[in-house]
Amino acid sequence: MYMYGQYCPVARASEILADRWTPLIVRELLAGIRHFNELDRGLPGISRALLVERLRRLQRSGLVERRIAQGRVPEYHLTQAGRELQRVIDVLGGWGARWAFGEPRRTELDPLVLLWWMRRRVHRHRLPPGRIVLEFDFHGNRRGTYWLVLKRSDVSVCLQHPKFAIDLRVTADIAGFYRVWLGQISLGEALRERLVRFDGVPAVVRAFPRWFAWSPMADAVRAAGPRPSTVTSE
């Protein structure tokens, strides 16, 4: 932890939060992620050793508690101080959407990260009984085929065919689908512009938009509009 040596609330807060990866770890915890492996999947660029170190630092700072759940699996929970960072993350995301959010870099369009985010934003109570299997065939800068298996009890991301019948095949330009996820364009617009195509059971096609909450940053991105960014970072 870098010590600024200034008796100032901004300096003290920066000593805790301004380290690389820490705000994104807090973002994941605020989204309800509790387990180490789930944090690791949502932050694919971080090493496991660094993730351990950052979580321990957040514990020492009083923002996170490590608890042993059923099956002796550790869970990470935000304290009251950690939960109050929701406002900080919201303001940071809103500022980023307005001033630092231009065209995506090639390395940012990760299909697995996108599906992992989608996994935790499913309205499971709206799903029909049984199992729904969605196949995503991404093209563009990043290509690959992946699957979401939706059930009311659980949602899984699969890297290999789950060996169940496919209810809906989603063929999409990866950049276009990110734009849908972030609220830059609606799903209807993406379909009309042929950035996304659906093939499957008609009832599933109709229900698909109601099953996902989309990105928690979507409102901020929509409010910012198409204004080009003025802050750049290589």
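Out of the residues in the stretch 128-187 that are among the aliphatic types (A, V, I, L, M) and closer than 18 Å to Pro104 by Cβ, state the one that is surrounded by the fewest Cβ atoms within 10 Å (Cβ to Cβ).
Among those that are among the aliphatic types (A, V, I, L, M) and closer than 18 Å to Pro104 by Cβ, it is Ile185.
For the list (1) surrounded by 14 or more Cβ atoms within 10 Å (Cβ to Cβ); (2) modelled with pLDDT under 95, I need the number of the one condition that Gly71 fails.
If we test Gly71 against (1) surrounded by 14 or more Cβ atoms within 10 Å (Cβ to Cβ); (2) modelled with pLDDT under 95, just (1) comes out false.
Please determine whether any residue of the stretch 195-205 is under 18 Å from the mean Cα position of the chain (by Cα), among the aromatic types (Phe, Trp, Tyr) and surrounded by 16 or more Cβ atoms within 10 Å (Cβ to Cβ).
So far as the stretch 195-205 goes, no, none of its residues is under 18 Å from the mean Cα position of the chain (by Cα), among the aromatic types (Phe, Trp, Tyr) and surrounded by 16 or more Cβ atoms within 10 Å (Cβ to Cβ).
Grab the strands (runs of 3 or more DSSP E) fully contained in the stretch 102-189, keeping just those with 2 or more residues being over 17 Å from the mean Cα position of the chain (by Cα).
Working: elements: 132-139, 144-150, 155-158, 168-173.
Passing ranges, in order: 132-139, 144-150, 168-173.
Given the stretch 1-70, what helices (runs of 4 or more DSSP H) lie entirely inside it while holding 2 or more residues that are farther than 18 Å from Ile89 by Cβ, of a type in the set (A, V, I, L, M, F, W, C) and without any contact (Cβ under 8 Å) to a residue 24 or more places away in the chain?
Details: elements: 9-17, 22-30, 36-42, 48-60.
So the answer is 48-60.
Tell me yes or no: at least one residue of the stretch 140-150 is more than 21 Å from Pro44 (Cα to Cα) and touching a residue at least 24 places away in the same chain (Cβ under 8 Å).
Yes.
Could you list, in sequence order, the residues of the stretch 76-111 that are crowded, with 16+ Cβ neighbours inside 10 Å, among the hydrophobic types (A, V, I, L, M, F, W, C) and over 30 Å from Gly62 (Cβ atoms)?
Phe101, Leu109
Scan the stretch 190-212 residue by residue and report those that are part of a loop (DSSP other than H, G, I, E, B) and modelled with pLDDT of 95 or more.
Glu193, Arg194, Leu195
Would you confirm whether or not the stretch 33-47 contains a residue that is closer than 23 Å to Arg120 by Cβ, touching an Asp or Glu at 6+ places or on another chain (Cβ under 8 Å), outside the structural domain of Trp117 (by TED's automatic domain parsing) and of a type in the set (Val, Ile, Thr)?
Looking through the stretch 33-47, at least one residue is closer than 23 Å to Arg120 by Cβ, touching an Asp or Glu at 6+ places or on another chain (Cβ under 8 Å), outside the structural domain of Trp117 (by TED's automatic domain parsing) and of a type in the set (Val, Ile, Thr).
Going through the stretch 92-101 one residue at a time, which ones are more than 17 Å from the chain's Cα centre (by Cα) and not in a loop (DSSP other than H, G, I, E, B)?
Listed by number, the residues that qualify are Trp95, Arg98, Trp99.
Which one is modelled with the highest pLDDT among residues in the stretch 33-68 that are exposed (fewer than 12 other Cβ atoms within 10 Å of the Cβ) and under 17 Å from Val157 (Cα atoms)?
Asn37
Table: residues versus (1) closer than 30 Å to Trp214 by Cα; (2) of a type in the set (Gly, Ala, Ser).
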| residue | (1), (2) |
| --- | --- |
| Met1 | no, no |
| Cys8 | no, no |
| Asp19 | yes, no |
| Gly82 | yes, yes |
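The values are calculated or read from the model by the stated rules, or taken from the named source; none is laboratory data. Here the structure is a predicted model, which means the values were calculated and not measured. We place every Cβ from the backbone using ideal geometry, glycine too, and count neighbours over all the protein chains shown.
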